[in-house]
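Data first, discussion second: the structure below is written as structure tokens.
The values are calculated or read from the model by the stated rules, or taken from the named source; none is laboratory data. Predicted model only: the values in this text are computed from it and were never measured. When we count neighbours, we look across all protein chains shown, and the Cβ atoms used for this are built from the backbone with ideal geometry, even at glycine.
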Amino acid sequence: MHYVIRTGWLRGRNRPYGGRQKAVLLSPLIVTVLITGLAFSTPREIAFSRLLPAAPALAAAMWPVLPTVLLGAFCLLIMIGLSFVYADLGTPYTAAAIIAVTLAAAYASHLRLQREETLFQVRLVADAAQKVLLRPLPFRMQDVEIEALYLAAQEQARIGGDFYEAADTPYGVRLLIGDVRGKGLSAVGAAAAVINSFRENAYDQPDLRSIIHRLEMSIARYSAGIVARDRLEHFATALIAEIPYGSGQVRVLNCGHPPLLLVRRGKVHVVEPTTASTPLNLATLLGDDYYVETVPFGPGDHMLLYTDGVTETRDHTGEFFPLADWMGRHTTAPPRELLGRLHRDLLHYSGGRLDDDIAALAVRYRHAPGEDHFA
């Protein structure tokens, strides 16, 4: 089962206030009752009744049109009732204010509902786009288990420039993770161009260098079609890993991306590239030199691929999240549990606020049936 967590996940149109929903929605009525009680229990000179127009004005922010109008009518009846108890309250002026505010509140409520409907539809489209961009990954490919994590930095965010993908190919399991440098919809478009190119070429290209060349061509073509002043912003770091079936190793091509973490025999290894490879869409400036590393990866081993939003998460003192040390304390956790702990600990470390989007892939090479797990 695919494991995606997002802080901005759609909670529903009628639940914007969490557990305080009922109290907030009833607040216009509570204000009405409070003002009415004060108006009846205090001397006429204080004239709390003049505050009654505030109730329908507050209702416009959270109620539909008809309840807002009914509340205004209720306030008007209260004002008329007060005029029989206290004389010289200026009832005509307050009543006129209630009517005017109620009409304005009803119109404001109508406009708010229209905006909410539009925002709701936009969010549905964004969620659909997110599912296309970061589609669910299979839980297992041959003997390789995979789980994915995505965390949006902003509460209302749906999609961003971080991306990942996995493919079960004739050459083995191929994994992709990356991060487009840039902002806005053009960054999302660049990420989509890279992912779609990987999905198409991962099954056909015989080696990782060939795939990277295709990804480079795709993001370059995409960048050529956008506004000229934005082109230099849109380059991407990327890491491709290939796990050939039965080989006992993993091949890694790292294009300026944070190094993957490999857990082998209970020890954490940071797989730094011995020679740097050019990030995507910078080949014309830095050359198209790409280098593949090969490291052991067998049954029982784990890998963590991630974007820099993980390691650049800061605590209240400004210290970066110590991912390698953290990984050393979770060397036996299965992929889903590992990402669940990572999600929890990142939010705790940052005080609940992330400054960048986060994507991660947890990969485990399963033991063969009957194999000694402690060999």
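Please verify whether the stretch 306-317 includes one or more residues that are surrounded by 14 or more Cβ atoms within 10 Å (Cβ to Cβ), assigned to a helix (DSSP H, G or I) and among the charged types (D, E, K, R). Checking the stretch 306-317: at least one residue is surrounded by 14 or more Cβ atoms within 10 Å (Cβ to Cβ), assigned to a helix (DSSP H, G or I) and among the charged types (D, E, K, R).
A single entry from Thr94, Thr102, Thr68 fulfils the requirement of being touching a Lys or Arg at 6+ places or on another chain (Cβ under 6 Å), part of a helix (DSSP H, G or I) and either under 23 Å from Ile30 (Cα atoms) or not assigned by TED's automatic domain parsing to the domain that holds Leu26 (or both): Thr94. Here the condition is being acidic (Asp, Glu), touching a Pro at 6+ places or on another chain (Cβ under 8 Å) and at pLDDT 90 or above; of Glu242, Glu293, it holds for Glu293 alone.
Within the span defined as the stretch 292-305, every residue fails to be among the β-branched types (Val, Ile, Thr) and either within 25 Å of the chain's Cα centre (by Cα) or not in a strand (DSSP E or B) (or both). Could you please let me know if Val270 is assigned by TED's automatic domain parsing to the domain that holds Ala166, of a type in the set (A, V, I, L, M) and more than 20 Å from Asp207 (Cα to Cα)? Considered against the rule, which asks whether it is assigned by TED's automatic domain parsing to the domain that holds Ala166, of a type in the set (A, V, I, L, M) and more than 20 Å from Asp207 (Cα to Cα), Val270 comes out as yes. Would you call Glu242 under 29 Å from the mean Cα position of the chain (by Cα) and surrounded by fewer than 20 Cβ atoms within 10 Å (Cβ to Cβ)? No. Within the stretch 3-40, being assigned to a loop (DSSP other than H, G, I, E, B) and at pLDDT 50 or above holds for one residue alone: Leu26.
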